[in-house]
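Just so it is clear, none of the values below were taken in a lab; they were calculated from the coordinates. No experiment lies behind these values; they were computed from the predicted model shown. Glycine gets a Cβ as well: all are built from the backbone with ideal geometry, and neighbour counts include every protein chain shown.
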Amino acid sequence: MNKTALLTGLRWGFIFLVAFVIFVYSYKRVMLHSGIESAIHKVSPQATIVGIIQTHTTTSKNKIYRALYKTTEGKCFNASFKRKDYTILENQESTCQ
């Protein structure tokens, strides 16, 4: 087998692998954002997400998501979510930073 053809094939295989990993990461990120956004909109319909911390470990070793969101009144809240179904565990008022 030609060495150049083999190297070209491996290069394209690597490029497709990297593209696939980027696609899967982007898809999971969009699903995370939309799941948390829909959970927040159940509590505050016109709220906008300021930021999401993907994984936070509590003192009881449970892993959760945290999100900071801003309501239409200008108040900010820090909410904690379960990792699987994005159920709000805790919701408290916070500074907008």
Label-point gap, in nm, between GLN54 and CYS76 - each point 7 angstrom along Cα→Cβ: 2.2 nm
THR87 versus PHE14: modelled label distance in nm, points set 7 Å from Cα along the beta carbon direction: 4.6 nm
Whether segment 25-74 is rounded, prolate or oblate, judged on the alpha carbon gyration tensor where a/c under 1.5 counts as rounded: oblate
Cα lying deepest toward the dipole's positive end in the chain, options GLN92, LEU10, ALA79, charges on Cβ: LEU10
Of VAL18, VAL50, VAL30, the one that fluctuates the most in a GNM where the chain has Cα springs shorter than 10 Å: VAL18
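Write out the trypsin sites (Lys or Arg not before Pro) in segment 1-80 meeting two conditions: DSSP loop, and at most 15 other Cβ atoms within 10 Å of their Cβ.
Taking segment 1-80 and a limit of 15 other Cβ atoms within 10 Å, the loop trypsin sites (Lys or Arg not before Pro) found are LYS61, LYS75.
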Only Lys, Arg (+1) and Asp, Glu (-1) charged, at Cβ; the chain dipole about Cα centre in debye: 440 debye
Mean residue ellipticity (222 nm) of the chain, computed from DSSP H runs ≥ 4 via -39,500 (n - 2.57), nearest 500: -15500 deg cm²/dmol
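Net charge near ILE49, counting Lys/Arg +1 and Asp/Glu -1 over other residues with Cβ under 12 Å of its Cβ?
With Lys, Arg at +1 and Asp, Glu at -1, the neighbours total +1.
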In sequence order, calculated HN-Hα J values of segment 13-23 (Karplus, 6.51, -1.76, 1.60; Hz; x Gly/Pro): x, 5, 4, 5, 5, 5, 4, 5, 4, 5, 5
Residue-by-residue Karplus 3J(HN,Hα) for segment 27-40, coefficients 6.51, -1.76, 1.60, Hz, glycine and proline x: 5, 5, 5, 5, 5, 4, 5, 5, x, 5, 5, 5, 5, 5
Phi-based couplings in Hz for segment 2-10 (Karplus 6.51, -1.76, 1.60; Gly and Pro marked x): 6, 5, 5, 5, 5, 5, 5, x, 5
Residues with amide H under 5 Å from that of ARG83, placed H, sequence gap 5 or more: TYR65
